[in-house]
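What follows is a short report on a single structure.
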Amino acid sequence: MPHERWFYPFGFTLQLETNSLAIIAAAETSFGKFGAPPQSANADWHFRLFAHKIDDGQLNPPIFRREGSLVYQTTGSDSTLVVDTARGLAFGYFSPTILANPAYFRWHFLELACFLMLPPRGWLGVHAAAIVRNGRAILLRAASGGGKTTLAYSATRHGQFQALAEEVTWLNITTATWRGLPWSFHLLPDAKNLFPELQPYQPILQTNGELKLEVTLPDSKTATIAEAGPVVLVQRTPAQRSRLERLDLATAKPLWLAGAAGNEMEFPEYDRYIDNLLSQAYQLYFGDDIDRAVDLLVELTQWSPNLQI
């Protein structure tokens, strides 16, 4: 029996048609907390995603293909997604094994379909965490393993900030607003040494083969949209005191590019937009004194542009 559900991710109205309660549950996890779309809204995006019985019993690495506005992602004969980004359409069939692993399904198919819709509509996705204070965001950028997720989690746990994004932050190039999926954070198992409340969590194998602690944040510690703010380029400096300094564009740009991931640099006029973004750029030398690092970020929300600590 077909089911229909409506969602409102990133301010776009999404109509989901499916024969699977597992797909509905995954969509609720990914998009449900964005709230309901306006009652009179027409669908911006149509997702027709179905379960079927073909199943090779494996979680194979997906194969990705793109030609213009058409995108194809498949794990083989049993699970395939096709997206037309120009028309806002996504269609796919998925195996019992894939749907029994909701994190895998959400990351490689459901959320992928959503994220593919955003760049043609003016949203640039960058590899960065983001936190929010008083409605204004700070972007935390580092190469993988550079500490941005740990820092973002620490900034939210005691209420100094709200989380906006853990891994990918979406920047609107016309409205100077940022968005993200803020509800789940994935931390390395040794984060238990920093955050005692994580002791009950058990590591979960991620789709990239890493073991992570998957932590769900309460709604009160999250935000889905914020005003654009400064960029903080994070560099780990163990056994040193954390400090923050203002950067000029010539210094900030190579550090920014070192943190690039995925196909973010294919966005039209990427360099021009990033140069403008880096007009408010800082480097955080992130030592072992994590509370001080968070305090510096709090102070950054109160600084004039030329201050340095």
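Some points to look at:
- Sorting the segments 149-155, 259-265, 222-228 by their residues' average number of neighbouring beta-carbon atoms within 10 angstrom, most packed first, yields 149-155, 222-228, 259-265.
- Potential lengthening between Ile63 and Ala103 on full extension [0.36 nm per residue; Cα-Cα distance subtracted]: 12.6 nm
- Labels on offer are (1) 76, 50, 36; (2) 64, 50, 34; (3) 60, 43, 35, and the one holding Cα extents along the principal axes in Å computed from this structure is (3).
- The residues packed around Thr29, meaning those with a beta-carbon under 11 Å from its beta-carbon, carry a net charge of 0 if Lys and Arg are +1 and Asp and Glu are -1.
- Residue pairs exceeding 21 angstrom between C-alpha atoms, taken from Lys33/Lys212; Lys33/Lys221; Lys148/Lys212; Lys148/Lys253: Lys33/Lys212.
- Estimated inter-spin distance, Ser77 and Tyr285, nm [label 7 Å along Cα→Cβ]: 5.9 nm
- Once both labels are positioned 7 Å from their Cα atoms along Cα-to-Cβ, the gap between Thr175 and Tyr270 label points is 2.4 nm.
- Nearest-0.05 FRET efficiency for Glu227 and Glu28, computed from C-beta distance (R0 22 Å): 0.20
- For Ala142, the shell of other residues with beta-carbons less than 11 Å away shows a net charge of +3, using +1 for Lys and Arg and -1 for Asp and Glu.
- Residue-averaged 222 nm ellipticity for the chain, from DSSP H runs of 4+ at -39500 (n - 2.57), nearest 500: -5500 deg cm²/dmol
- Centre separation in Å (Cα based) which lies between region 1-25 and region 204-253: 31 Å
- Segment Trp6-Ala41, length gained on full extension (0.36 nm per residue, minus Cα span): 11.6 nm
- For region 3-121, the relative contact order comes to 23 percent (Cα pairs under 8 Å, sequence separation of at least 6).
- Cα gyration tensor category, rounded, prolate or oblate, for region 3-121 with a/c compared to 1.5: oblate
- The chain: most fluctuating residue of Gln160, Gln199, Gln73 per GNM, C-alpha cutoff 10 Å: Gln199
- Among beta bridges from DSSP that stay inside the chain, the antiparallel ones total about 70%.
- Projected label points at Leu257 and Glu299, each 7 Å from Cα along the beta carbon direction, are separated by 3.2 nanometres.
- Contact order for the chain, expressed relative to its length and based on alpha carbon pairs under 8 Å spaced 6+ residues apart, stands at 13 percent.
Values quoted throughout were computed directly from the atomic coordinates according to the rules given, and no laboratory measurement underlies them. The structure displayed is predicted, hence computed values, not measured ones. Cβ atoms come from the backbone with ideal geometry, glycine included; neighbour counts cover every protein chain shown.
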